[in-house]
Amino acid sequence: MAYDAETRAQLIAGVRRFVEERLRPIEAEVAEADAVPEWALKEMAALGLYGLSIPQEFGGLGLTMEEECLVGFELGRCSPAFRSAFGTNVGIGSQGLVMFGTDEQKAKYLPGIASGAIVTSFALTEPEAGSDSAAVRTQALRDGDVYVLNGAKRYITNANRAGLFTVMARTDPDVKGGAGVSAFLVPRELKGVSVGKPEKKMGQQGAHICDVHFDDVRVPAENRLGEEGEGFKVAMRVLDRGRLHIASVCCGVAERLIEDCVKYAGERKQFGQALASFQMIQAMLADSRTEAYAARSMVLDAAKRRDAGENVTMHASCAKLYASEMVGRVADRAVQIFGGAGYTADHGVERLYRDVRIFRIYEGTSEIQRLVIAREMMRGGSI
Ligand code: COS
């Protein structure tokens, strides 16, 4: 159920204040240390950010998709590494459980996820199953009351802090493709679960991705999410939603960059005039504004459709594709407008330029989004 307009406005204003006053001032130090300080994680939890999408009956804020995207616009106004700290709890780490979990599973895990006491990760990608996610090799073979899990997952966001993994594994080795895959809730403390060191990355320092290994992990059968063979669909449904959330964050980062550009172009003088008075700079600003507005409109439209119960597989992929590519162009223009200063670390523009590059890759590359969109069109999908 949507919040009333006043509560919604208060929530968004509260997130904006938190982003401006608490997170933006520490962006550079977080990037340098490759870690978000504990106090900031605690404040995020106190604000309810880990539970944005978790139903209220389990202690979350229970936002609609539209509301979550409005919050995403705000979260993008600081280094996206901050959002990543709770992003898996809001999105891909929790939504399989929210959409497909039993009452018992939800009661057991969702309150901890909503409060931030449990960090969740989504373990789909493997060394040999990236874009081709139906090719997962991790096996979960039934042995009485348990499934025995063996395999390796790669680039798993927040794995180093996770207490619970949603793992996609093959329960039927004879069935190729998605139909042989099932989803499981795997607590970190189970014997045989191990997590590798965080990878060194191009951007979003402070957000971590690691390999996860499962070595004869005995997962109780009651931890299976959905039916046997339903795991791939669970993953795809989760990604439909996740892609919209990511698109909203792209819009937020773009707004921040546009504001920084307008300010800088107004202050910086060359040839005796402010940069903003030059038409070639104006054209860059206008292109960024237009594209960011288009992406924002697309995200809100897709989110409203999802809230109304429509299938938004195609719309979410359109929004993710367009918004992630849009913010790449906006960041590139921002570096250009700032000139030499944009290439230095002084203004944070080069950092955001690197940070946004992953948006065109994770939760489905731009190429995969195009593939999904075209397939949905062939099936009669229209706007
Ligand atoms: N919602 C519900 N079900 C879906 C679905 C969706 N969005 N997308 C696919 N499915 C179902 C299909 O209906 C099909 O079921 P049936 O066999 O009963 O018809 C099944 O899943 C297999 O689908 P499909 O044949 O389309 O699978 P493919 O392997 O050909 O392609 C793509 C799937 C490429 C679209 C998928 O693997 C994908 O999205 N890859 C990218 C993964 C990704 O985003 N990784 C990022 C890492 S997670 S951060």
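Ranked highest first by average number of other Cβ atoms within 10 Å, how do 241-252, 134-145 line up? Mind dumping the intermediate values first?
Numbers: 241-252: 27.8, 134-145: 16.3.
Top to bottom by mean Cβ count within 10 Å: 241-252, 134-145.
Pairs Lys106/Lys233; Lys197/Lys304; Lys176/Lys197; Lys106/Lys191; Lys106/Lys201; Lys108/Lys201: which exceed 29 Å Cα-Cα? All intermediate terms of the calculation are to be shown ahead of the outcome.
Values: Lys106/Lys233 19 Å; Lys197/Lys304 39 Å; Lys176/Lys197 31 Å; Lys106/Lys191 23 Å; Lys106/Lys201 34 Å; Lys108/Lys201 34 Å.
With Cα atoms farther than 29 Å apart: Lys197/Lys304; Lys176/Lys197; Lys106/Lys201; Lys108/Lys201.
Which one, Gly272, Ala334, Thr344, projects farthest toward the positive side of the charge dipole computed for region 257-367 from Cβ point charges (K/R +1, D/E -1)?
Gly272
Select from region 241-335 those GluC sites (Glu not before Pro) which occupy a DSSP coil region and have at most 12 other Cβ atoms within 10 Å, ordered by residue number.
Hits after loop and neighbour filter: Glu310.
What do the square roots of 5 times the Cα gyration tensor eigenvalues come to for region 233-378, in whole Å, largest first, as semi-axes of the equivalent ellipsoid?
On the way: eigenvalues 222, 42, 26 Å².
They are 33, 14, 11 Å, listed from largest to smallest.
Show which aspartates and glutamates lie in cross-link reach of Lys263 when reach means a straight Cα distance below 13 angstrom and same-chain residues fewer than eight apart are skipped.
Here the aspartates and glutamates satisfying the reach criterion relative to Lys263 are Glu255.
Please state, as a whole number in µm²/s, the translational diffusion coefficient that the Stokes-Einstein equation yields for region 120-228 at 25 °C and 0.890 mPa s, with Rh defined as the Kirkwood radius across alpha carbon pairs.
Numbers: Rh = 13.9 Å.
In µm²/s, the coefficient is 177.
For the chain, with every protein chain kept in place, what is the accessible area per residue (1.4 Å probe, Å²)?
Working: 16870 Å² over 383 residues.
Heavy-atom SASA per residue in the chain reads 44 Å².
Dipole magnitude of region 5-115 about its Cα centre, charges +1 at Lys/Arg Cβ and -1 at Asp/Glu Cβ only, in debye to the nearest 20?
Values: 10 positive and 16 negative charges, 17 e Å.
The calculation lands at about 80 debye.
Determine the sum of side-chain charges near Leu23: Lys and Arg each +1, Asp and Glu each -1, restricted to other residues whose C-beta is under 10 angstrom from that of Leu23. Numbers along the way, then the final one.
Working: positive: Arg22, Arg24, Arg77, Arg83; negative: Glu20, Glu21, Glu27, Glu43.
Once positives and negatives cancel, what remains is 0.
Counting only other residues whose beta carbon sits under 12 Å from that of Leu110, what net charge do I get with K and R as +1, D and E as -1? Before the final figure, lay out the partial values.
Details: positive: Lys106, Lys108; negative: Glu57, Asp103, Glu104.
Around Leu110, the surrounding residues sum to -1.
Once you charge only the Cβ atoms, +1 for Lys and Arg and -1 for Asp and Glu, what is the size of the charge dipole of the chain about its Cα centre, to the nearest 20 debye? Please list the in-between numbers first.
On the way: 47 positive and 51 negative charges, 132 e Å.
Computed charge dipole of the chain: roughly 640 debye.
Take the Cα atoms of the chain, find their three principal axes, and give me the spread along each one in whole Å, biggest first.
That gives 79, 49, 43 Å along the principal axes, largest extent first.
May I ask which residue of Ala46, Ile156, Ile118 lies farthest towards the positive end of the charge dipole of the chain, with charges of +1 (Lys, Arg) and -1 (Asp, Glu) on Cβ and the Cα centre as origin?
Of the candidates, Ile156 comes out farthest on the positive side.
Spelling out what I want: for every residue of region 375-380, take phi, set θ = phi - 60°, compute 6.51 cos²θ - 1.76 cosθ + 1.60 (Karplus), and round to whole Hz; glycine and proline get x.
Along region 375-380, the couplings run 4, 5, 5, 4, 7, x Hz.
With a 1.4 Å probe and all protein chains left in place, how much of the accessible area of the chain comes from carbon and sulfur atoms, in whole percent?
Details: 8840 of 16870 Å².
Its accessible area is 52 percent carbon and sulfur atoms.
For region 180-259, what is the convex hull volume of its Cα atoms per residue in Å³? Mind showing how you got there, number by number?
Details: hull volume 11.0 nm³, N = 80.
Cα-based convex hull of region 180-259, divided per residue, equals 137 Å³.
Work out, in µm²/s and without decimals, the Stokes-Einstein translational diffusion coefficient of region 327-383 at 10 °C, 1.306 mPa s, Rh from Kirkwood over C-alpha pairs. Intermediate values should be presented prior to the final figure.
Numbers: Rh = 13.2 Å.
For the chosen part, D equals 120 µm²/s.
The values are calculated or read from the model by the stated rules, or taken from the named source; none is laboratory data. Just so it is clear, the model here is predicted, and its values are computed rather than measured. Backbone-built Cβ (ideal geometry, glycine too); neighbour counts: all protein chains shown. The accessibility values were calculated without ligands, DNA or RNA, using every heavy atom of the protein model including side chains. Shrake-Rupley method; radii C 1.70, N 1.55, O 1.52, S 1.80 Å.
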